[in-house]
Amino acid sequence: MIYLPQSFYYLWYNLNLSYYMLMDTKKLIRYIKGGASEIEKTKIIDWIESDPKNMKEFMALRKLYDITLWNNADDNLKHRVNIPFMKNAGIAILKYAAVFTLAFFIVSILSTDVDEKELFSSIEIPVGQHAHLKLSDGSKVWLNSHSKFEFQECFSGNTRKVKLEGEGYFEVAKDLERPFIVELNGYEIKVLGTTFNVNTYPGSGQTTVSLIEGAVELIKGDGQKLFTLKTNDEAIINQNGVELRQIQNPDQFLWRKGLIVFKNTPFDEIVKTLEQAFDVTLKVEKKEIMDVEFTGKFRRTDGVSHVLKVLSISNEFEFDVDKEQNIIIIE
């Protein structure tokens, strides 16, 4: 029989979910492990199929169960689930964001015939969530909402190469013999050991590299070195070229701590940030406020309605929430 550690239940019951389970968690776990009775199976299947939210919640619990096996089970359990290499796995989930439902996707090659050094994983963070993880070399990575991150389970060769779509905050462990390389859309960031933030969401038409500490090289996909960033430098890359400047708002990187910070930020940018952070669509009918700049600091857990209420005080606007359509109309 498989016994789950107490930490599993602690994580599940203490996650700040947007809705609560209507099905007994222990019954769902029993179903996931294959120990549910026929009557329980029927009831659970009916519950899952009755509402897309139930399916989403079940999948979140299923993924949390899998992660718990990888990170907390003893050697016998690792053998039973056929993951002998996980003793030295390159990923360790350090903590979850307050609103992290764990509905991300982790892909690993689970075969005893594959060399550990050739194993790759891919993590996708859903809209409205963020995660914190540690790589095999000791480097730490924070991933923001709607990001995709690919990495090697155990870095091999002369480089430590990863790939990012979305936004990531990196604290790279120093290794003079093996540079850390982040592959972006058409560019690479090369570092030895430093702290930096990258925002490169597909479809945004822009990539921003912000260097908090150390130095990084920005390289084109063809290998051409463009320039070197130093502490407090920021590079904005778009179809018009590359703009170099100093970091305008250091607090913007507090997203990894669950904070949303605006400093003289135009409302059109605020709309994009809130849509990403809360998985909601904002429809602005009062067009004259799109260029108005706002300043404020909010906790993500306060919710989008709280953020809009505070912002509306300094510049009069009203908003209506359509929960069924998941749309907020600003007028």
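The values are calculated or read from the model by the stated rules, or taken from the named source; none is laboratory data. Since the structure is predicted, the reported quantities are computational estimates derived from the model, not experimental observations. Note that each Cβ is placed from the backbone with ideal geometry, even for glycine, and that neighbours are counted across all protein chains shown.
Listed by first and then second residue, the pairs with beta-carbon distance under 8 Å, at least 6 apart or on different chains, first residue in region 39-54 and free of Cβ contacts under 8 Å to residues at least 60 places away in the same chain, second surrounded by 11 or more Cβ atoms within 10 Å (Cβ to Cβ) and among the polar types (S, T, N, Q), are 47/54; 48/54.
Within region 275-323, being crowded, with 18+ Cβ neighbours inside 10 Å, assigned to a strand (DSSP E or B) and under 23 Å from the mean Cα position of the chain (by Cα) holds for 282, 298. A single member of 219, 212 is among the β-branched types (Val, Ile, Thr) and in contact with a Lys or Arg (Cβ under 6 Å, 6 or more places away or on another chain), and it is 219. Listed by first and then second residue, the pairs with beta-carbon distance under 7 Å, at least 6 apart or on different chains, first residue in region 109-137 and more than 26 Å from residue 300 (Cα to Cα) and among the acidic types (Asp, Glu), second surrounded by fewer than 14 Cβ atoms within 10 Å (Cβ to Cβ) and modelled with pLDDT under 80, are 116/88.
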